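The values are calculated or read from the model by the stated rules, or taken from the named source; none is laboratory data. Everything quoted here is computed from the prediction, not taken from an experiment. Methodologically, a virtual Cβ is constructed for each residue, glycine included, from the backbone with ideal geometry; neighbour enumeration extends over all protein chains shown.
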């Protein structure tokens, strides 16, 4: 899964204004996994689903900690 940084303008309660907020994200390359599944006659689906399950079990639950109300968004000015 590819890592990426997301940016969005949101209201910061600490700064009391709209600021740029950032968070880390991940993106799945669906086309690559589809090609691998076709070339391996579906055998790639076993490790692919294992990776999806592992990510679901190990990723943090949204809304339970982190900046800006627990959504993972962090203010670019104050870091809250």
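Summary table below
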read-out: Identity of the residue in region 57-78, loosely packed, with under 10 Cβ neighbours inside 10 Å and at pLDDT 55 or above, that ends up farthest from residue 22 (Cα to Cα); value: 57
read-out: Within region 23-33, tally of residues that are surrounded by 13 or more Cβ atoms within 10 Å (Cβ to Cβ) and either touching a helix residue (DSSP H, G or I) at 6+ places or on another chain (Cβ under 7 Å) or at pLDDT 90 or above (or both); value: 1
read-out: Flag for residue 41 being part of a helix (DSSP H, G or I) and modelled with pLDDT of 90 or more; value: no
